[in-house]
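Reading through the structure tokens given below for one structure.
The values are calculated or read from the model by the stated rules, or taken from the named source; none is laboratory data. Please read these numbers as outputs of a predicted model, since none were measured by experiment. Counting neighbours? That spans all protein chains shown, and the Cβs are built from the backbone with ideal geometry, glycine included. Side chains are part of the model used for accessible areas, which takes the heavy atoms of the whole protein and leaves out ligands, DNA and RNA. Shrake-Rupley method; radii C 1.70, N 1.55, O 1.52, S 1.80 Å.
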Amino acid sequence: MNNPLKILRSLDKNLSHPIKLLIYGKAAIALGFPTPPGDAGTTMDVDAILPMSELDAILQDEKFWDALDKTNRELESDGLYMTHLFQEDQVILSSNWSENTVPIELGLNHIQLRRPAVIDLVLTKMMRGNDPKDLEDVRFLIATGKIKPNELRQAFETAILPDVWEIREAFMEAQTSVMDIASELVGD
């Protein structure tokens, strides 16, 4: 089974009210594209972005947090979890990222699921620098989105970076590798 789907179905079952959930990372690749790489569904977690405009409501939604805790307990024996929920200012994103999210239809009852646009998913994958697994994901994203080097350059220049030195350094480090991938796959 697709692990991210299993996690989200469990969370959906434990919820009693509608929520909006914006996923990124490997789970977004596994669920948000028609033909993801074969290993995408093997990720053991689902990562989500909490938009600042919705942060207070999410933080005060005790039923959501209870459902999330119950889900993590239910899936613990399988090694599956959903614990990485990041505020949007803790992730590298474009300045207009929230206007370009993409719906993911999974037939869930309570969860309205979305993912960032492809270029924003590339930016998030640059948070760990030249991590080989992240660069494999970047290769898939660039090929799928047909993202050109000039689009990446513009995204790099306007990206909003967390105020964390290690993330900023990793982002700078990854730029050359990401540009090389785009040049190889899409050209100028």
Rounded to a whole number, what % of the accessible area of the chain do carbon and sulfur atoms account for, probe 1.4 Å? 49
Would you calculate, for the chain, the mean residue ellipticity at 222 nm contributed by helices, counting each DSSP H stretch of 4 or more residues as -39,500 (n - 2.57) and dividing by all residues, to the nearest 500? -15000 deg cm²/dmol
Could you work out the relative contact order of the range 58-151, using alpha carbon pairs under 8 angstrom and six or more residues apart, expressed as a whole percent? 19
Between the residues Phe86, Phe171, Ala30, the Cα farthest towards the positive end of the dipole of the chain, that dipole coming from +1 and -1 charges on the beta-carbon of Lys, Arg, Asp and Glu, is from Ala30
Take the Cα radius of gyration of the range 1-99 and divide it by 2.2 N^0.38 Å, with N its residue count; two decimals is plenty. 1.08
When the expected Rg is taken as 2.2 N^0.38 Å, what fraction or multiple of it is the alpha-carbon Rg of the chain? 1.02
Amide H neighbours of Gln87 at under 5 Å, excluding residues fewer than 5 places away on the same chain, with H built from the backbone geometry, are Leu50
Take Ile160, Ile23 and sort them by solvent-accessible surface of the protein heavy atoms, 1.4 Å probe, largest at the top. Ile160, Ile23
Ranked by accessible surface with a 1.4 Å probe, highest first, in what order do Glu76, Glu88 come? Glu76, Glu88
Need one number: % antiparallel among DSSP beta bridges in the range 29-170, to the nearest 5. 50
Rg over Rh, two decimals, the range 124-188 (C-alpha only, Kirkwood Rh): 0.95
